[in-house]
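Okay, structure first, notes after.
Computed from the coordinates by the stated procedures, all read-outs in this text should not be read as laboratory data. Everything numeric here is computed off the predicted structure, so don't read it as measured data. Quick reminder, even Gly has a Cβ in these numbers, built from the backbone with ideal geometry, and neighbours come from all protein chains shown.
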Amino acid sequence: MVTTQTVNWNDIESLVAILSKNILKLSRSFSSITTISRGGLIPSRLLADSLGIKKIFVDQKIICSNSLFVDDIFDTGKTFHDVFSNVDDPSKFIFATLLARRGIKYPEQLIYAEKTFNDSYVVFPWDKLEFKNC
């Protein structure tokens, strides 16, 4: 049996608030948000509203370094590595997530709200049905 960490909508709102504060501490601003369609859409929209960012780009082949990249979780690092090679200026790239998997090494470009409690599978409100079908 797979152990899970369930995240509810109240948790999401708190995580978005924390992540927004962490992003605002950076000595830069972003012209847009870039994300992937699986996992990143809802956090991107909530962060865009919180940060006053009007443009969200989804599943881009080239990622502008002036665009904040958003996903729901930094887990294995696969998404980060997949998109990092597509960034126009990797030295300016920022990868923001609601949660970061506890106990793994993070890239310096990562900014997150909180770490996971343990190595349980994280179930977000937007992927409950996906998890049930596994």
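Listed values, structure above:
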read-out	value
Filter result for Leu99 (surrounded by 17 or more Cβ atoms within 10 Å (Cβ to Cβ) and within 17 Å of Glu13 (Cα to Cα))	yes
Subset of segment 66-82 [assigned to a loop (DSSP other than H, G, I, E, B) and surrounded by 18 or more Cβ atoms within 10 Å (Cβ to Cβ)]	Asp75
Inter-residue pairs, beta-carbon under 8 Å, first closer than 14 Å to Leu19 by Cβ and touching a residue at least 40 places away in the same chain (Cβ under 8 Å) and in segment 103-124, second among the small types (Gly, Ala, Ser) and part of a strand (DSSP E or B), 6+ apart	Ile111/Ala96; Tyr112/Ala96; Tyr112/Ala100; Glu114/Ala100
Any hit, segment 51-64, residues being surrounded by 15 or more Cβ atoms within 10 Å (Cβ to Cβ) and assigned to a helix (DSSP H, G or I)	yes
Any hit, segment 109-124, residues being part of a helix (DSSP H, G or I) and not charged (D, E, K, R)	no
Ile23 touching a residue at least 12 places away in the same chain (Cβ under 8 Å), in a loop (DSSP other than H, G, I, E, B) and in contact with a helix residue (DSSP H, G or I) (Cβ under 8 Å, 6 or more places away or on another chain)	no
